[in-house]
1. For region B:200-225, name all the residues that are touching a strand residue (DSSP E or B) at 6+ places or on another chain (Cβ under 8 Å), of a type outside the set (A, V, I, L, M) and modelled with pLDDT under 95.
2. Anything in region B:91-101 that is outside any helix (DSSP H, G or I) and open to solvent by 10 Å² or more (accessible area, probe 1.4 Å)? List them, or say none.
3. Scan region A:92-100 and give yes if some residue there is farther than 30 Å from A:K149 by Cβ, in contact with a Ser or Thr (Cβ under 6 Å, 6 or more places away or on another chain) and facing chain B (nearest Cβ under 8 Å), otherwise no.
4. In region A:200-220, what count of residues is obtained for those that are facing another protein chain (nearest Cβ under 7 Å), open to solvent by 40 Å² or more (accessible area, probe 1.4 Å) and in contact with a Pro (Cβ under 8 Å, 6 or more places away or on another chain)?
5. Looking at (1) buried (at least 16 other Cβ atoms within 10 Å of the Cβ); (2) modelled with pLDDT under 95; (3) assigned to a loop (DSSP other than H, G, I, E, B), which one does B:A196 not meet, given that it meets all the others?
6. For the condition without any contact (Cβ under 8 Å) to a residue 12 or more places away in the chain and closer than 30 Å to A:A211 by Cβ, what is the one hit in B:D177, B:D202, B:D182?
7. (1) touching a helix residue (DSSP H, G or I) at 6+ places or on another chain (Cβ under 8 Å); (2) open to solvent by 10 Å² or more (accessible area, probe 1.4 Å): which one isn't true of A:A137, the others all being true?
8. Looking only at region A:205-217, how many residues end up being small (G, A, S) and in contact (Cβ under 8 Å) with a residue 12 or more places away in the chain?
Protein chains: 2
Amino acid sequence: MTETPRIPLSPTTRSTLTRSKERARIERAELDAVLDAGLVCHLGVLLGGAPVVLPTIYGREGDTLYLHGSTGAGNMRAAMTGPVSVAVTLVDGVVYARSAMHFSMNFRSAVVHGRPVEITDPAARVNALRVITEHAAPGAWSRVRPPSKKELAATMVLALDLTEASVKVRSGGPKDDPADIDNGGVWAGVLPVRQAWGEPIDSADLESGLAVPGDVRERAEPSLLPVR
Amino acid sequence: MTETPRIPLSPTTRSTLTRSKERARIERAELDAVLDAGLVCHLGVLLGGAPVVLPTIYGREGDTLYLHGSTGAGNMRAAMTGPVSVAVTLVDGVVYARSAMHFSMNFRSAVVHGRPVEITDPAARVNALRVITEHAAPGAWSRVRPPSKKELAATMVLALDLTEASVKVRSGGPKDDPADIDNGGVWAGVLPVRQAWGEPIDSADLESGLAVPGDVRERAEPSLLPVR
C-alpha cells in the first residue's frame, strides 16, 4: 500500500520501496477499519475469461479476509480460487463543486488482490464462519445454533491474505479551480451520507414474548428505538 | 435479463427462453430502480489477466450505463474497453437467523456485463457527463460550470449497454430450519439499514451569504435540517 490509494487506477505503484514504516502502519490500521466497517464486499473473479463482480458477505481476522460460498456453484468455486479482487467501499458524502467535472464522492475504500485458499481444517472452517457471522452480526454467534455437519459439507470457506491490499480515502470539500472560486456565486460543499440502522423487526415466525437481544438492540439507532 | 438474478452465481442461466414478457418488464423496472438508487458502482475489469474491482461513479440513461475516467490512466483505459462487470448494491438490512448459516443480508443488487464503448461524439460526451453528474447530484448540472475543452480532452467517457444485466433482490426475514423454529428461544428478525443524508456542509472556501441550493437542501434529511 502507498500512494496506492490509487492501486486500482495505477497498479504499477503496487510495490513501493520508499514508504515509511510509520505510514505503512497507519495505512494498515485504515485498511482494517474500512474492512471492519463494511457490511458487504464486492468480489471480482474471472469466469470464462471475463470479470464477474458480485456482492457477498465476508469477515476479517488479523491478516486474513474470509469468504464463503456454496459448494454447489462449481464455476464460481473454481473462479473463487483463481485471482480475485475484493473491494469494500463506504460512501461518506457527495462533494458538490462549482464545476461539473469537480463533483466527487467522499469515501473510504479497501481493495485486496490475491488468490484465495480453501480452508479444509474443520476447526479452522468453523472459526472462519464464526468470523463471517460475527462481521455481519456482532455478538450473535454465541447465542445461535452453530453450523451442522451437513451445512459445513455444503459450504466452501476461503481465506484471502491481506498482503496485497490498499486503502483509499477521500474527504473534505471540493477541489475547485481558482477561477471558479473567484467568480463565485455557486454553492460548493459536501452533503454527508451515512449508513443508518432502523428499528429491529421480529421475524413473522417468531414465538411471542421473545425480546430483541442486546447485541441487536445496541446496534440499532438509539434515536429510533422505542422509548423504554 | 433472465433468471439472471443469479447471473453471478450461475452464469449458465444467462440466456433463457422460457421467461414471460411480464416478468422481463418487471425485472427491467427493478434493474433501473437499483441502478438509479445507487451512489457508486463497483467496476470489475481485467488487468494483466487478473480481475480488478474499483468503486466509481456512474449514471444511467435509458438502456445505457455511463462511466468515465481519466485518459491519463492508460492501463485502466484499455481495461475499461475490454469485458467488464459492473455491480450496484444497496444493503437493506441484516437478517438475524436462529442458526449461524442462515444469517444473511437483505439487499437489492444489479449486475451488468458487457464491453463498454468509448463515446467520441462531442455532444454525446457532454450528455454522458451530464447524466453522470446528475446521478451523483440531481439538479446540480444546470447551475454549475460545464466541462471545459481541456477537461473534456482529459476525460474518457464510456457507454455500457444494459442488454446483459440482472437484478437480484432479497427481502424479508430469515429462512430458518423448521427444527430450529420449533426449538424456539432464539430471536430472529431483521435489523434494517438504509442510507441517510446529513446536513449540507459549506465548503471552507465558500464566500459568505451563499445559501444551500434547493437541489441539495431537498436531498438532505428533512429531520436533520435546521429549523427555518
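1. B:R219, B:E221
2. Filtering region B:91-101 down to residues outside any helix (DSSP H, G or I) leaves B:91-99.
Once the filter is applied, which keeps residues that are outside any helix (DSSP H, G or I) and open to solvent by 10 Å² or more (accessible area, probe 1.4 Å), region B:91-101 yields B:V91, B:D92.
3. Of all residues in region A:92-100, those farther than 30 Å from A:K149 by Cβ come to A:92-100.
Right, trim to in contact with a Ser or Thr (Cβ under 6 Å, 6 or more places away or on another chain) and you get A:95, A:100.
Next cut, facing chain B (nearest Cβ under 8 Å) only: A:100.
Looking through region A:92-100, at least one residue is farther than 30 Å from A:K149 by Cβ, in contact with a Ser or Thr (Cβ under 6 Å, 6 or more places away or on another chain) and facing chain B (nearest Cβ under 8 Å).
4. Within region A:200-220, residues that are facing another protein chain (nearest Cβ under 7 Å), open to solvent by 40 Å² or more (accessible area, probe 1.4 Å) and in contact with a Pro (Cβ under 8 Å, 6 or more places away or on another chain) number 2.
5. The one condition B:A196 does not meet is (3).
6. Numbers: B:D177 fails: without any contact (Cβ under 8 Å) to a residue 12 or more places away in the chain; B:D202 fails: closer than 30 Å to A:A211 by Cβ.
Selected residue: B:D182, the only one of B:D177, B:D202, B:D182 that is without any contact (Cβ under 8 Å) to a residue 12 or more places away in the chain and closer than 30 Å to A:A211 by Cβ.
7. (2)
8. Quick first cut of region A:205-217, residues small (G, A, S) only: A:208-209, A:211, A:214.
Now narrow it down to the ones that are in contact (Cβ under 8 Å) with a residue 12 or more places away in the chain: A:214.
The qualifying residues number 1.
The values are calculated or read from the model by the stated rules, or taken from the named source; none is laboratory data. What you are looking at is a predicted structure, and each value in this text was computed from that prediction instead of being measured. Ideal geometry is used to build each Cβ from the backbone, glycine not excepted, and the neighbour counts take in all protein chains shown. Note: areas computed on protein heavy atoms with side chains; ligands, DNA, RNA excluded. Shrake-Rupley method; radii C 1.70, N 1.55, O 1.52, S 1.80 Å.
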